[in-house]
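Laboratory data are not the source of any read-out in this text; all were calculated from the coordinates shown. Bear in mind the structure is a predicted one, so any value in this text is a computation, not a measurement. Please note: Cβ atoms are built from the backbone with ideal geometry, for glycine as well, and neighbour counts cover all protein chains shown.
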Amino acid sequence: MTLDEIARELNLSKSTVSRALSGKGRIGSATRERVIAFARESGRIREEKKPERVHTGNIGVVLPADVYTTGNPYFQGCLLGVCETASMMDFNILLTTSTANDISNIRAMVEEKKVDGIILTRSLEDDKAVQYLTGIHFPVGLTGLSDREEVLEVDIDNEGAAEQLTTLLIGQGYQRFALVVEDLSYQVNRSRYEGFCKALLKNGLSREKQFFHTVSLNMELLDSLIHNILNRRVECIICGDDVVCTRIMARLQADGYRIPRDVAIASLYNSSNLGCFTPAVTAVNVSAAQVGNMIGKQLIQYILGQAYESRVMMDFEILLRKSTDPVRREGR
């Protein structure tokens, strides 16, 4: 009997029947029990037996391998948040790293039965780790978004934050922008780019007149990038995150540029570094520790068979600071 036939017999949607039989997704317990009872009585669908797992009391947390070179504070904060929740819920944390093309450390954790679930802290396009973990139905949480229904997600509305910040800057009189992100294979940067473009469209600004760049954090390339941005008479640089912003801001000030008179600057992610500049940098502020708290809580509750939320969106705020104060620019 197909899912369509069961759905017709019970007057339910096909997707509801699928969620009931798979045990994945949000569905009421009464509906789930009704579908499973029908499948058992008909004798034409058997429940798939999942392999038994030994409870280890451990959660694996996967950081990007480049975190040790970039020193990105988001991942540190997120990890601390996961650790805090895990400790409160009597779980331990095993830490590892991965890259887009190398998930061998994740495979080892799973195949050697070292952990009960995995938390991925970076969401990638064509994510091999997500594909592997969902393919074997292993509990997985992600600080980001995924198209896989099995994945528990905790994220910030990065698209909405980028749109809101860009709209505020347009309202302050800025019309020529440079958006600088590190890598568009990161889902978070794609979301920020989409939000930036939405703000331009809603406010009647041509996207073709803006400057968009993906950047390596190599200092020689950074000098060339800043030179190109200023030659294009950009009024405001919007950085994809605090790491990119810190390096561009430091370079601008080292070269004697006046912020925001020569060029304004803002970041789509805040960190303590950005408040220490003079002037302090306008930024989107979120709590990485709270993101870690939340994904740790949802995954552990899922593992323990307790109530959980499969998708949670965290709040953000815009910190308007002196780096984007409206000023009259000479010759513009």
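Annotation: amide H of F211 within the under-5 Å range of F177, A178, L179, sequence separation 5 or more or interchain, hydrogens built in the peptide plane. The fewest-to-most ranking of E194, E150 by surrounding Cβ atoms within 10 Å reads E194, E150.
For the chain, DSSP calls about 10 percent of its internal beta bridges antiparallel. Fully extending the segment from M88 to E309, taken as 0.36 nm per residue of separation minus the present Cα-Cα distance, adds 77.7 nm. Look at I226, I318 and count the other Cβ atoms within 10 Å of each Cβ; fewest to most, that gives I318, I226. Charged side chains reduced to their Cβ positions (Lys and Arg at +1, Asp and Glu at -1) give the chain a dipole of some 620 debye around its Cα centre. Rounded to the nearest 10 degrees, the inclination of helix 187-202 to the longest alpha-carbon principal axis of the chain is 60 degrees.
Its residue count N fixes a reference of 2.2 N^0.38 Å for the chain, and the Cα radius of gyration divided by that reference is 1.17. Legend: ranking of residues C236, C83 from fewest to most surrounding C-beta atoms inside 10 Å; resulting order C83, C236. Can you tell me the orientation of helix 288-303 relative to the chain, as the angle in degrees between its alpha-carbon axis and the longest Cα principal axis, to the nearest 10? Roughly 10 degrees between the two axes.
Taken along the Cα-to-beta-carbon direction at a fixed 7 Å, the label points for S206 and N11 span 5.9 nm.
Using the Karplus relation 6.51 cos²θ - 1.76 cosθ + 1.60 with θ = phi - 60°, the per-residue 3J(HN,Hα) values for segment 111-126 come to 5, 8, 6, 8, 9, 8, x, 10, 10, 9, 9, 9, 9, 10, 5, 6 Hz, with x marking Gly and Pro. By the Cβ distance rule (another cysteine Cβ under 4.7 Å), the unpaired cysteines of the chain are C78, C83, C197, C236, C276.
Positive-end ranking of P139, T166, A307 along the dipole of the chain, with charges on Cβ about the Cα centre, is headed by T166.
Non-local lysine pairs in the chain, meaning eight or more places apart or on different chains, with alpha-carbon distances under 30 Å, amount to 28. Modelled spin labels at V327 and R258, positioned 7 Å past Cα toward Cβ, are 0.6 nm from each other. Taken one residue at a time, the phi angles of segment 11-17 give Karplus couplings (6.51, -1.76, 1.60, θ = phi - 60°) of 6, 10, 7, 4, 5, 5, 4 Hz. Gly and Pro are set to x. Taking the longest Cα principal axis of the chain as reference, the axis of helix 242-254 is set at about 10 degrees. Annotation: average projected area of segment 218-311 is 7.8 square nanometres, based on the convex hull of Cα atoms across all directions. Couplings 3J(HN,Hα) for segment 256-268, derived from phi with the Karplus relation 6.51 cos²θ - 1.76 cosθ + 1.60 (θ = phi - 60°), are x, 6, 9, 9, x, 4, 7, 7, 8, 8, 9, 10, 8 Hz, where x marks Gly and Pro.
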